[in-house]
Amino acid sequence: MRTRFLAIAALVMVIAAAIQLWWDSEPVTPVDMTRRAEVKAPEAVPAITYAYLPQYSHSTSYLRHRALVEYLQKSTGLAIRQVFPDTFEAHRRMVERGEIDISFSNPMTYVLLAQSGARAFAGIVEPSGRATFRGQIIARADNSAIRNEQDCRGKRWIAVDPYSAGGYLFVLGHFRDKGLSESDFAEIAFAPGPGGKQEKAVLGVYAGRYDIASIREGTLGILEGKVDLSALKVVANTREYPSWVYAARKGLDPDIVRRIASALFALSENDPEHERILAAAGMRGIIPTTDRDYAPCRELFSKLRLDPSKVGLE
């Protein structure tokens, strides 16, 4: 036992001596602590910013428009970066400040953006084949007390956002046409938190927290597989309004707008690759449009007696 211990001790001494020899052979590098260099963080590569109004969660927004943004980069040769505002109001403010170059928004939000100089240049063709869309009022299918708009009186209503077109303003106008005003509801709430507001409005009714929800046409299809759609019913649809719109912020180089518009208009559902891009984004096509095409939305603001510059700010 003693012999074994002495052998191990000897091996340790040999290893220690070898380490010391290696250490002593390493050259000593002097360090001058009086010399300092400032290290700068790398600057972001300039890019055109593209934002989808956050009606859905950021992950859904990314997945729906990722292929479209990649297509635009390839087709135009421009660096384009998708950004993700947390709220409808943040989206509007970022366009005003020039932080969003290309805005994809609902037409009512566009009317607000136009006040800061943004201008429409393209609109979408919906999966239905129309260049218009509607709002919807939904309730639980097992709620037999709600069969039409009049049955919504005195009920708890969850809407998407004060800026939402199909998810609030279209439906508010529809209720006004049916003789109901905001005071006729037990509660009007807006979906909480950043992004994902359409989903949250649907889930509010699905879970029984609210009696009715207002959403944009097409939302239920987005949620297929996430909720049991047979548990929900559409109580009513609003009239149709101009569909979602692409707008360029004030001061954006007209040549950049022209190049992006040309690429968007070139997308065709007859091309398999283009069809994949359009389908992912929930579109059938993209067509030219101008500010004048959104007169029905301005008329709705007037009918509701809402000052567009104050919507969502009360």
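The values are calculated or read from the model by the stated rules, or taken from the named source; none is laboratory data. Small disclaimer: the values here were computed from a predicted structure and weren't measured. Backbone-built Cβ (ideal geometry, glycine too); neighbour counts: all protein chains shown. We work out accessible area using only protein heavy atoms, side chains counted, and drop any ligands, DNA or RNA first. Shrake-Rupley method; radii C 1.70, N 1.55, O 1.52, S 1.80 Å.
Points worth noting:
- Residue in the range 209-221 that is nearest to P54 (Cα to Cα), counting only those that are open to solvent by less than 20 Å² (accessible area, probe 1.4 Å) and at pLDDT 95 or above: I215
- Qualifying residue in the range 144-152 (condition: within 25 Å of the chain's Cα centre (by Cα), open to solvent by 10 Å² or more (accessible area, probe 1.4 Å) and not charged (D, E, K, R)): no
- Boolean, V235 is out of contact with any Pro (no Cβ under 9 Å at 6 or more places or on another chain) and either of a type outside the set (A, V, I, L, M) or not assigned by TED's automatic domain parsing to the domain that holds P288 (or both): yes
- Criterion violated by V205 - all others in (1) within 28 Å of E299 (Cβ to Cβ); (2) outside any loop (DSSP other than H, G, I, E, B); (3) of a type in the set (A, V, I, L, M, F, W, C) satisfied: (1)
- Any chance R259 is of a type in the set (K, R), farther than 26 Å from R130 by Cβ and in contact with an Asp or Glu (Cβ under 8 Å, 6 or more places away or on another chain): no
- Number of positions in the range 137-151 that are assigned to a loop (DSSP other than H, G, I, E, B) and of a type in the set (D, E, K, R): 2
- S183, sole failed condition from (1) open to solvent by less than 10 Å² (accessible area, probe 1.4 Å); (2) assigned to a helix (DSSP H, G or I); (3) small (G, A, S): (1)
- All positions within the range 152-179 that are without any contact (Cβ under 8 Å) to a residue 60 or more places away in the chain and part of a helix (DSSP H, G or I): Y168, F175, D177
- Residue that is under 16 Å from N237 (Cβ atoms) and acidic (D, E), where the choices are D151, D101, D161, D142: D151
- Segments classed as helices (runs of 4 or more DSSP H), wholly inside the range 41-136, with at least 2 members that are under 24 Å from P272 (Cβ atoms) and either open to solvent by 10 Å² or more (accessible area, probe 1.4 Å) or touching a strand residue (DSSP E or B) at 6+ places or on another chain (Cβ under 9 Å) (or both): 58-76
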